[in-house]
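See structure below.
We did not get these values from a lab; they are worked out from the coordinates using the rules stated. It should be emphasised that the depicted structure is a prediction, and the values quoted were computed from it without experimental measurement. Glycine also receives a Cβ, built like all others from the backbone with ideal geometry; neighbour counts cover every protein chain displayed.
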Amino acid sequence: MKDFLRYCRMTLLMMKNCLIREMQFRSNFIIRLFTEVIWLGMQFIYVEVLYSLTQSIGGWNVWEMVILLGTNHIINQLFEAFFFDNCTKLVDQIRLGDLDFVLVKPINSQFMVSLRYTDYASITNSMAGFAMIGFALHKLGTAITPVEVLLFLLLVLNGIFILYSMMFCLSILTFWIGRASNLFELYYQLTQFTRYPGEIYRFGLRMVLLTAIPMLVVSNFPAKVLVGGLLSGRLFYACAIGVSFLLITTWLWSMGLKRYRSASS
Amino acid sequence: MIEALLKGTSAWKYWVILSTRTQEDMAYRANYMVGALFRFLPLLTTIYLWYAVFNSPGYAWSGRMGKMTLPDIVSYYAIMFVARGFSSMPGMTRDISLDIKDGLLNRYLIRPISYFWYQTMYRLAHKLIFWLAALITFPPVFYLIREYLKHSPTVLEWVGFFISLIIAFWTGVLFSFLIGCLAFWFLEISTFLFVIMTMEFFLSGHLIPLNLMPSAIVHYVQWLPFAYEGYWPCMILIGKVQPDQMGTVLGIGFLWVGIFFVLVKLCWKWGTQRYSAVGG
Amino acid sequence: MSIIEVENLTKVYRVNKKKPGIGGAIEAMFKREYTEVRAVNDVSFKIEEGELVGFLGPNGAGKTTTLKMLSGILYPTSGTAKVLGFTPWERKNEYRRQFALVMGQKNQLWWDLPAQESLYLNKEIYNVPDDEYKKVLDEMTELLQVKKLLGVMVRELSLGERMKFELIASLLHTPRVLLLDEPTIGLDVVAQKNIREFIKEYNHRTKTTILLTSHYMGDIQALCDRVIIINHGKKFFDGGLNDIIGKFSASKLISLTFENGGVSKEDLLQFGEVLECEKLKAVLKVKREEVTKVSNQILEKWSVLDINIEEVPIEEIIQKVFVSSETQA
């Protein structure tokens, strides 16, 4: 417990440092927000084009699809806010030997490298996702209970951790195979699967996306809470997946550190 | 053999650049093959998504947009990979802007070498590797979706397609170079680049075939240079460009390439003047 | 028990080879060849609490690799090491709380933040109590004269100032063992002197055990009584700084100032190697055991105003040592 509090304090401290840092580059905020709005606008047009041809795709109507889009947006943005930069930077840190100082500190090294930088623009950007969901719920006329909100947030968190685990594992493959920038592309491509309803995929692929590469657990599950249709069994399953992925990450990290070469400048 | 041919000519140094770059890329083999293969994943999701649309209970093709069948759509997205394989220049703008910002440009300015051609060769090397890997990765993918590739192009369409790929490559290189040159005038352009990339993704027809958008938009968007980075090569090969339109489509493409060439020359001239005046 | 005990420590790297040209690149895609590099080869030594030991060697000798194994950054290929009774590469928190590593070529401070923010983060990482943090920080900034710079962005500090903050950041938790890797690299003479004086003072005051690598002889001479010389991964010498002279230098230098001119280089050659020969001055390098004989002969032969007998500069000796170990390897 004492340790837990200490780690929370460290997280806040690093977030504070990043805020001080980011204040120096304020204009980034606006441009980033602008980009995200354009991106979302494009997604809307896509959805609009698709639903001008039909009423329902994989059993999701247009506003349910918007909820899925919004959920996906929140998860991706929050993942980017806390972990994305850290994971990409990790590749160079491993290659160029910049992990040295992390390793000599009396603190969990994975924690340090994973949370060092916070990208504040992404936090503000995630708000757009909440707005989309709110609007879609209003259009659908569904009322949401506080329990559902809590479950939704829990599964969003779970989704972020799954994305983190996958990206982190890809980054630290650098320990074994040198430069791994193309692996990030793999990450990007895999996250494609979080965008659409799982029902559109064939059975075999759907099973893969629920287990080995649980992209449907990431976004479909939380969206289902709001759309209706998430059973409690699935809830436990989602959390089990999240926890086991985190455990794999920790194990892989400790294996990787044994191969760390600490290149000198 | 190529080496023997080029040695002594002015193209020799560019060949050296090209081959050095190629070696650098190959050194990271696992990385490369993984990247090349998984790039097709979006095609898979897109096929599933459109399949679901075309097979949903209430499906009806809306009258407001050009008629496309499921095979048309799948072929479009598949050919998009080929087209973007020619036109997308990942990292080029960033590299150029960093060279300018960090003063690394001096390295090139003092050497008897044209920075523009250096960058072009560098990208060509990239593309060469890309297509080397594509020889292994593309055929199985196209084989898997063979039942959707219904249209067999005419000779004219094949010729038009190859010409449009040349346009696609040059549009990509020239546009990326131009945007990179913005660093001569603006300090921080990395976030701006992201906006441009997003727009490019949309306006090239990469996300949605441009002809599916409201006709008021299509009318203008299809004649922008971005459409030549993806949309037009795809439309030509799936047989959506009539023989009498072919000339116009390709002609406007070449016009854009010409305009971009002039703009690159001008930007470079003004930019380097400013660069040496400010001192990098 | 000694505070640092190293036994048969060995680190082998695999480096891959590539033939030149595109052909080589294609070949490397399918088949890779590796060569083994023994960065550290069977090194053993012991260091007692409170000692300040210099670790000397040319670039690539294996100094930094040894230091990195002692700080737990690298796993050794074989051999053992105990620091404060811990095996470093197990990375126990109890161990990591008790030592510090400072590297002249890498920085741990946040580039875009004032140094004080990084220092505070370190305080939290090491769990240093508030009052102690304040005390140590005051003391250190005073000693290194950087109190005024606490609020300045790290990227705007000079290299020397940044190094001072690196030191402070590493000493906040008052480590019992301090590992310094090239702490003065790239610094100007004044900054080098400042850092050296600080290290000496700190060792003197706190009795912290310090292991220092450097390839500047100046650092070692100013700070260490004991040196360990390493080259090509092998330990070459371990002992007092003065013992190096006895062991590796067979000669002494005789400087002469003559009353009248006319002494030529040829005249002096019979006594030993002539390093310098001007109108009235000359420097001779003479075998240790012949020094007395030679100086007597010279004094008899010419009228000499001044005669001075000294040891060959240590830098030169070390250089010779490195070169000779080169030819052995």
Report summary line: Of B:205-212, C:74-81, B:151-158, ordering from highest average Cβ density within 10 Å down gives B:205-212, C:74-81, B:151-158
Report task. Classify segment A:36-77 as rounded, prolate or oblate, taking a ≥ b ≥ c as the square roots of the eigenvalues of its Cα gyration tensor: rounded when a/c is under 1.5, otherwise prolate if a/b is larger than b/c and oblate if not. Result -> oblate
Report task. Please get the size of the charge dipole for the protein assembly as shown, origin at its Cα centre, with Cβ charges of +1 on Lys and Arg and -1 on Asp and Glu, quoted in debye to the nearest 20. Result -> 1740 debye
Query raised in the report: Based on DSSP H runs of at least 4 residues, each adding -39500 (n - 2.57), what is the mean residue ellipticity at 222 nm of chain A after dividing by all its residues, to the nearest 500 deg cm²/dmol?
Result: -24500 deg cm²/dmol
Query raised in the report: Out of every Cα pair in chain C, what percent are spaced more than 37 Å from each other?
Result: 35 percent
Query - Net charge of neighbours whose Cβ lies under 11 Å from the Cβ of C:Thr206, counting Lys and Arg as +1 and Asp and Glu as -1 - result: +1
Query raised in the report: Where nothing but the Cβ of Lys and Arg (+1) and of Asp and Glu (-1) is charged, how large is the charge dipole of segment C:250-311 around its Cα centre, in debye to the nearest 20?
Result: 100 debye
Query raised in the report: Counting only other chains, what is the mean number of Cβ atoms within 10 angstrom of the Cβ of each residue in peptide C:95-107?
Result: 3
Report task. May I ask you to list the GluC sites (Glu not before Pro) in segment C:191-279 that are in a DSSP loop and have at most 13 other Cβ atoms within 10 Å of their Cβ? Result -> C:Glu259, C:Glu278
Report task. Can you give me the P(r) profile for chain A? Cα pairs, bins 10 angstrom wide beginning at 0, each as a whole percent. Result -> 6, 27, 34, 23, 8, 1, 0
Query raised in the report: Based on the alpha-carbon gyration tensor of the protein assembly as shown and its eigenvalue square roots a ≥ b ≥ c, which shape applies: rounded if a/c is under 1.5, prolate if not and a/b is larger than b/c, or oblate?
Result: prolate
Query raised in the report: Counting each DSSP H run of 4 or more residues in chain C as -39500 (n - 2.57), what helix-only mean residue ellipticity at 222 nm follows after dividing by all residues, to the nearest 500 deg cm²/dmol?
Result: -11000 deg cm²/dmol
Query raised in the report: Going through segment C:75-158, which chymotrypsin sites (Phe, Trp or Tyr not before Pro) have at most 14 other Cβ atoms within 10 Å and a DSSP loop state?
Result: C:Trp111
Requested in this report: Can you give me the span-like helices of chain A, meaning DSSP H runs with 27 Å or more of Cα extent along the axis and Kyte-Doolittle mean at or above 0.0?
Outcome: A:2-23, A:27-51, A:120-140, A:146-172, A:232-258
**Report entry** Qualifying chymotrypsin sites (Phe, Trp or Tyr not before Pro) for segment A:1-70 [loop in DSSP, other Cβ within 10 Å: at most 15]
**Finding:** A:Phe25
